[in-house]
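Participant: I'd like to ask you about the structure that follows.
Since every read-out is calculated from the coordinates, none of them should be taken as a lab result. Note that the coordinates shown come from a computational prediction; the quantities given were computed from them, not determined experimentally. Neighbour counts are summed over all protein chains in view; Cβ atoms, including those assigned to glycine, are modelled from backbone coordinates with ideal geometry.
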Amino acid sequence: MQPTCHAFKENAHAALNDATLQRAISKLGFQAARAAAVARLPEFEALRDRGRDIKNHVLENLDFYLERFEAKVRERGGEVHWCRTPAEAREAVLAICRGVGARTVTKGKSMIGEEIAINDYLAANGITPIETDFGEYIIQLRHEPPSHIIAPAIHLTKDQVSDTFLESHRQYGKTRRLAEPGEMLAEAREILREKFIAADVGITGANFLVAETGSSFIVTNEGNGDLTQTLTKAHIVLATPEKLVPTLEDATTLLRLLARSATGQEMSVYTTMSTGPRRPDDLDGPAAYHVVILDNGRTALLGTEFQDILRCIKCAACLNHCPVYNTIGGHAYGWVYPGPMGSVLTPAILGVEEAGDLPNATTLCGRCESVCPMRIPLPKMLRHWREREYEKGLSPPRYRAGLRVWAWFAKRPGLYHLAARFGMSVLGALGRRKGRFHRLPFAGGWTSGRDMPAPEGPTFHALWAARGDGAGA
Amino acid sequence: MKIGFFVTCLVDLFRPTVGFAAVKLLEEAGCTVEVPRAQTCCGQPAYNSGDKADAKDIARAVISAFEPYDYVVAPSGSCAGMIKVHYAELFADEPAWAQRARALARRTYELISFLVDICGVDAVDARYNGTATYHDSCSGLRELGVKAQPRKLLASVEGLTLKELPGTEVCCGFGGTFCIKYPEISTRMVDDKIKDVANTGADTLLAGDLGCLLNMAGRLAREGSPIKVRHVAEVLADMGRVPAIGEPLA
């Protein structure tokens, strides 16, 4: 997908003025669900520590675990494909599909699939991709990107989905406009059932890759992932290096954090582990098992101030609790990963030149970090991106100039207090009668939506000095 | 206990009343309060804008000015959090300064939590006729754990009824320079906040950080709301009769 992070302000403007979108995102219930799930598990905080430690250990020893994983996958008859770039990953996937003569491919939910825009690529090469996660299915019909990493169609209202189904399902003889989500789900399921049976290749993501067994884990609430990966000739897992965990035990520790943090469930409805292709005495399963591991700039973050973002397990708790995400929705961020985790990861992948707005468009309120199951210091890393931008001279010139003038005074207390005393006495006198300003020069950003309360007039330091009992200069 | 009072730039410039309220509360709690002249700002605007060099210069000045005191107290969770949490991070690559920053951090507190947790204050001698709601400012809440302390002291104010604000832990949209860099998003966030405030039926909105208060007061005023906005210290220090934030002064 073509990023529009550089147009963040325009995107956000459109989102704020889109009444339907605002209606759709005003009712998200993830926060309460998470809070209830966490309250029911006394060891949740200890689990967060454990989760953080597991991933930190993996990141410190990533080369070891990646090689161990590859060896185990091979032992079980599977194959690992190492891809540095999205283009390499797309080619790897296409080659596997061509190898089995694929005409249609079913897909479970995969953010890496979005990152490499695999659907467009397969379609351009004559292979039809079919999304089978209900949310992904809806947005595929609408030719839209996901707006949330676990609830891709969360930006849509029920009515919009009704309209989309009516329009897209006509070709299957479905001409009744459906009103209830249950009916829509049933209709999609009926159509998808045929697609599952006809598909040649199944592509899924991975929540975890387990080094000790060479297994991949996925969690879903619909069971679509299971059909995707077991009914086809080949199962392709799209993953990234930091998905590795050392052992099955570690994977289960992280599973205890994942669903609770994401949807407030104790476990997702389906947790499925795949280890290699179908064995001779298995009743079903794919004939081939491929793991495509895409780096796309991630390992370059090791050893930098951004390493901690690689602990992310994509639960979306940070999105769900972000006051900015909850105000503008996911599309405004302009690429695959929205919200706080996206505002850290996107500049790392696309460059801070493209995505420079994202780390700035946050109040650093810290709610994301307070709910992150992996204790990722998201505000700190957002600030690190701002440092990179400042060093590169990417912040707007007027803003930099203002900051420089302010800092010059802030470093000279004597002059600062003098200037403050003068400035506030003028502003205070002007604002006395009304107590506030409707407009102020150089403060358009503030006064476009708010009045500026007038200062009381004298500064505290002036009054304190007049009181005469301060500690000298 | 000798307190170095960190006024904060916004209190110095916009609302000295908050500073005097804080001094009164500290003195009533038995503290000796001094106000070092060499202070301006904690450096957060530079720090959050990626300008580490200026942030460090300002931080060094604050550390030097406040080292002689037993405690540093600020009427703001945001500025206290900057000194207590972020100075040490800022000097991660300068061990000598990092050590001084950590030493100062251990003695730095937000005003209300200092009164309750360190001075052991559990009631104040104040009266305020009205119904108030309280917004938890982000830095105080999440960096410093300021949550129960203001509620505890407000419960002792005669005539005051406190109504809890739904979504009190959600940011008001101020975010320092965020509110001028992304005014549209910021305005929507503060709009959501003041709707919640209005729905409580309270006639007064309190918080412990002047940035958030100016933001919320500014939006309430723009919307023509009669809700009064005050720093929590004003009410606790029995100074709740001066004009509220954004009200006419004469």
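Participant: With springs connecting C-alpha atoms under 10 Å apart, model chain B as a Gaussian network and identify which of B:HIS231, B:HIS86, B:HIS135 has the largest mean-square fluctuation.
Facilitator: Residue with maximal mean-square fluctuation among B:HIS231, B:HIS86, B:HIS135: B:HIS86.
Participant: Compute the distance in nm between two label points, each set 7 Å from the Cα along the Cα-to-Cβ direction, one at A:GLN22 and one at A:ALA36.
Facilitator: 2.9
Participant: Give the average, rounded to an integer, of partner chain Cβ atoms located within 10 angstrom of each Cβ in B:8-17.
Facilitator: 6
Participant: Sort A:ILE191, B:ILE227 by Cβ crowding within 10 Å, fewest neighbours at the top.
Facilitator: Ranking A:ILE191, B:ILE227 by Cβ neighbours within 10 Å, fewest first, gives A:ILE191, B:ILE227.
Participant: If the protein assembly as shown were replaced by its equivalent ellipsoid, with semi-axes equal to the square roots of 5 times the Cα gyration tensor eigenvalues, what would those be, largest first, whole Å?
Facilitator: Square roots of five times the eigenvalues give 52, 27, 23 Å.
Participant: Over chain A, what is the mean sequence separation of C-alpha contacts under 8 Å (at least six apart), divided by residue count, expressed as relative contact order in percent?
Facilitator: 20
Participant: Now for a separate question. Over all residues in B:241-249, what is the mean tally of Cβ atoms on other chains that come within 10 Å of each residue's Cβ?
Facilitator: Average per residue, whole number: 5.
Participant: Which loop GluC sites (Glu not before Pro) in region A:18-64, with loop taken from DSSP, have no more than 13 other Cβ atoms within 10 angstrom of their Cβ?
Facilitator: Counting only loop positions with at most 13 other Cβ atoms within 10 Å, the GluC sites (Glu not before Pro) in region A:18-64 are A:GLU43.
Participant: Show that you can apply the helix-only estimate: for chain A, add -39,500 (n - 2.57) for every DSSP H stretch of four or more residues, divide by all residues, and state [θ] at 222 nm to the nearest 500.
Facilitator: -14500 deg cm²/dmol
Participant: If you add up the charges near A:ALA262, with Lys and Arg at +1 and Asp and Glu at -1, over every other residue whose beta carbon is less than 10 angstrom from its beta carbon, what do you get?
Facilitator: Within the 10 Å Cβ shell, the charges total +3.
Participant: Averaged over B:71-83, how many beta carbons belonging to a partner chain fall within 10 Å of each residue's beta carbon?
Facilitator: 0
Participant: Relative to the present Cα-Cα distance, how much length would full extension add between A:GLU10 and A:ARG103 at 0.36 nm per residue of separation?
Facilitator: Working it through step by step, the gained length comes to 29.6 nm.
Participant: Also, quick follow-up: Cβ neighbours within 10 Å, averaged per peptide: list A:31-42, A:203-214, A:254-265 in order, most packed at the top.
Facilitator: A:203-214, A:254-265, A:31-42
Participant: Calculate how steeply helix A:339-350 sits against the longest principal axis of the alpha-carbon atoms of chain A, using the helix alpha-carbon long axis, and give the answer as 0 to 90 degrees to the nearest 10.
Facilitator: 80
Participant: Pop the C-beta distance of B:VAL85 and A:ALA95 into the FRET formula with R0 = 56 Å and round what comes out to the nearest 0.05.
Facilitator: 0.65
Participant: Relative to the first principal axis of the alpha-carbon coordinates of chain A, what is the inclination of helix A:413-431, with its axis defined by its Cα atoms, in degrees from 0 to 90 and to the nearest 10?
Facilitator: 90
Participant: Also, quick follow-up: Pop out the Kirkwood hydrodynamic radius of region A:55-197 from its pairwise C-alpha distances, inverse of mean 1/r, in Å to one decimal.
Facilitator: The answer is 17.5 Å.
Participant: Take the alpha carbon atoms of region B:174-244, find their center, do the same for region B:139-170, and report the distance between the two centers in whole angstrom.
Facilitator: 15
Participant: Give, rounded to the nearest 20 debye, the magnitude of the charge dipole that chain A has about its Cα centre when Lys and Arg contribute +1 at Cβ and Asp and Glu contribute -1 at Cβ.
Facilitator: For chain A, the charge dipole is close to 2100 debye.
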